[in-house]
Amino acid sequence: MTTDTLTRTANVILLGPPGVGKGTQAQILVENRGMVQLSTGDMLREAKDSGSEMGKRVAEVMARGDLVTDEIVIGLIEEKLTGSDAAGFIFDGFPRTLAQADALEALLKKTGQSLDAVIELQVDDEILVDRIVGRAEQAKAAGQPVRADDNAESLKIRLMEYYKKTSPLIGYYHAKGALQSVNGMGDIDEIAQGLNDIVASAMT
């Protein structure tokens, strides 16, 4: 895969159901384009272990077993955006709701940045479930660690949650003219090339 000379930064949201490979594709963009992946889960774990004031808030919330508020997540993202010289950010796992999308838009405006592309990885749900279950069975047979929820029943529940809470973002960003799509059922390199082409266009 070829990469073009970077002329500016680009901020990108990756959308798609659980198991589609957003994290894998985000890492490829990080390696090829010098971008920074902002994964909500990673940021929360990092903050919890940091000992910062924000980290203490995160630790307290998690210790109570409560969900971390949108305000805290936005605060963590703001810390990452401020003063970074990265060639753009990849939002992986955020936003998940329309309220979070509005909050992210306000934050980008506040920090003088923009959202350059929203990329939906399109999949066939049944094939996706079969693929993930098959990979989990192969990993288990090889003695490798497997997520406890990588089974057909749990995956279908996770998909339902995605369609209830997150899929409305597809219409939201389509209405804003920001949405682009990549076939998420191809092999890793094919998907990566599709994403790279979109990001390269956003950076010119």
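Within the stretch 8-38, track down each residue that is without any contact (Cβ under 8 Å) to a residue 60 or more places away in the chain and open to solvent by 20 Å² or more (accessible area, probe 1.4 Å).
Answer for the stretch 8-38, where residues must be without any contact (Cβ under 8 Å) to a residue 60 or more places away in the chain and open to solvent by 20 Å² or more (accessible area, probe 1.4 Å): GLN27, GLU31, GLY34, VAL36, GLN37.
On the given criteria, is MET185 open to solvent by 20 Å² or more (accessible area, probe 1.4 Å), touching a residue at least 60 places away in the same chain (Cβ under 8 Å) and under 23 Å from ASP149 (Cβ atoms)?
Answer is yes for this residue.
Please specify each residue of the stretch 116-131 satisfying the condition of being touching a Leu at 6+ places or on another chain (Cβ under 6 Å) and hydrophobic (A, V, I, L, M, F, W, C).
Across the stretch 116-131, the qualifying residues are VAL118, ILE119, VAL129.
Test each condition in (1) loosely packed, with under 14 Cβ neighbours inside 10 Å; (2) under 23 Å from VAL20 (Cα atoms) for ARG64 and report the one that comes out false.
It is condition (2) that ARG64 fails.
Could you grab me the full set of residues in the stretch 97-112 that are more than 21 Å from ALA26 (Cα to Cα), open to solvent by 40 Å² or more (accessible area, probe 1.4 Å) and without any contact (Cβ under 8 Å) to a residue 60 or more places away in the chain?
Of everything in the stretch 97-112, those that are more than 21 Å from ALA26 (Cα to Cα), open to solvent by 40 Å² or more (accessible area, probe 1.4 Å) and without any contact (Cβ under 8 Å) to a residue 60 or more places away in the chain turn out to be ALA99, ASP102, ALA106, LYS109, LYS110, THR111, GLY112.
So LYS80 passes all but one of these: (1) crowded, with 18+ Cβ neighbours inside 10 Å; (2) touching a Phe, Trp or Tyr at 6+ places or on another chain (Cβ under 8 Å). Which condition number does it fail?
The one condition LYS80 does not meet is (1).
Take LEU115 and tell me if it is open to solvent by 50 Å² or more (accessible area, probe 1.4 Å), touching a residue at least 40 places away in the same chain (Cβ under 8 Å) and either assigned to a loop (DSSP other than H, G, I, E, B) or in contact with a helix residue (DSSP H, G or I) (Cβ under 8 Å, 6 or more places away or on another chain) (or both).
Criteria met by LEU115.
Among the residues of the stretch 96-126, write down those that are under 26 Å from LEU159 (Cα atoms) and of a type in the set (Lys, Arg).
ARG96, the sole residue that qualifies.
Quick check on MET43: is it more than 30 Å from ALA148 (Cα to Cα) and either of a type in the set (Asp, Glu) or within 16 Å of the chain's Cα centre (by Cα) (or both)?
No: the conditions fail for MET43.
Among the residues of the stretch 165-182, what is the count of those that are among the aliphatic types (A, V, I, L, M) and free of Cβ contacts under 8 Å to residues at least 40 places away in the same chain?
Result for the stretch 165-182: 1.
What's the number of the only condition in (1) more than 30 Å from PHE89 (Cα to Cα); (2) open to solvent by 40 Å² or more (accessible area, probe 1.4 Å) that ARG131 fails to meet?
Among (1) more than 30 Å from PHE89 (Cα to Cα); (2) open to solvent by 40 Å² or more (accessible area, probe 1.4 Å), ARG131 violates only (1).
Results for (1) at pLDDT 90 or above; (2) assigned to a loop (DSSP other than H, G, I, E, B); (3) over 16 Å from the mean Cα position of the chain (by Cα); (4) farther than 30 Å from ILE72 by Cα, shown as yes or no for each residue.
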position	(1), (2), (3), (4)
LEU128	no, no, yes, yes
ARG131	no, no, yes, yes
GLY134	no, no, yes, yes
ALA139	no, no, yes, yes
GLN144	no, yes, yes, yes
MET160	yes, no, yes, no
GLY171	yes, no, yes, no
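Would you be able to tell me the number of residues in the stretch 88-126 that are within 19 Å of TYR172 (Cβ to Cβ), over 18 Å from the mean Cα position of the chain (by Cα) and small (Gly, Ala, Ser)?
Total meeting the criteria: 1.
The values are calculated or read from the model by the stated rules, or taken from the named source; none is laboratory data. Being a predicted model, the structure only gives us computed values, none of them experimental. All Cβ positions, glycine included, derive from the backbone under ideal geometry; neighbour counts span all protein chains shown. In case anyone asks, the SASA skips ligands and DNA or RNA and just uses the protein heavy atoms, side chains included. Shrake-Rupley method; radii C 1.70, N 1.55, O 1.52, S 1.80 Å.
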